[in-house]
Amino acid sequence: MYLAIIEQFLFWGGLLVFLVSLAMYAGRTKDYKSLVEFWKPTINMTKREFDVNRAGLTMMIVAVAIRIINFLI
């Protein structure tokens, strides 16, 4: 039960952190086209933006891992 709550918190929190990192980038560069065309490697993030971005992605990956573990238990 606790893992299910943690999973939801990590996933939605990670998504929010990820979106904040993209907002930080957009606020700094005003380059909205790169955010829409995310499959092209045109985003040049600062170290802080990159770290926030990776923290959000890591939180979401951990949430998916917890969901798989919950399913197998």
Hey, can you tell me all the residues within the range 5-26 that are within 9 Å of the chain's Cα centre (by Cα) and among the β-branched types (Val, Ile, Thr)? VAL17, VAL20
Only listed residue being assigned to a helix (DSSP H, G or I), touching a helix residue (DSSP H, G or I) at 6+ places or on another chain (Cβ under 6 Å) and not aliphatic (A, V, I, L, M), chosen from PHE11, PHE71: PHE11
Somewhere in the range 29-47, is a residue over 30 Å from TYR2 (Cα atoms) and either of a type in the set (Gly, Ala, Ser) or in contact (Cβ under 8 Å) with a residue 24 or more places away in the chain (or both)? yes
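Condition check: small (Gly, Ala, Ser), at negative phi and in contact with a Leu (Cβ under 8 Å, 6 or more places away or on another chain). Does ALA63 satisfy that? Break it down into steps so the answer makes sense when it comes.
Details: small (Gly, Ala, Ser): yes; at negative phi: yes; in contact with a Leu (Cβ under 8 Å, 6 or more places away or on another chain): yes.
Considered against the rule, which asks whether it is small (Gly, Ala, Ser), at negative phi and in contact with a Leu (Cβ under 8 Å, 6 or more places away or on another chain), ALA63 comes out as yes.
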Cβ pairs under 6 Å, 6+ apart or interchain, first in the range 51-70 and in contact (Cβ under 8 Å) with a residue 60 or more places away in the chain, second surrounded by fewer than 15 Cβ atoms within 10 Å (Cβ to Cβ), ordered by first then second residue, are ILE66/LEU3; ASN70/LEU3
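Listed here are the residues, each with its yes/no results for (1) surrounded by fewer than 13 Cβ atoms within 10 Å (Cβ to Cβ); (2) in a helix (DSSP H, G or I); (3) modelled with pLDDT under 90.
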{"residue": "SER21", "(1), (2), (3)": "no, yes, no"}
{"residue": "LYS33", "(1), (2), (3)": "yes, yes, yes"}
{"residue": "THR42", "(1), (2), (3)": "yes, no, yes"}
{"residue": "MET45", "(1), (2), (3)": "no, no, yes"}
{"residue": "ARG54", "(1), (2), (3)": "no, yes, no"}
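The values are calculated or read from the model by the stated rules, or taken from the named source; none is laboratory data. What you see is a predicted model, and the numbers here were worked out from it, not measured in a lab. All Cβ positions, glycine included, derive from the backbone under ideal geometry; neighbour counts span all protein chains shown.
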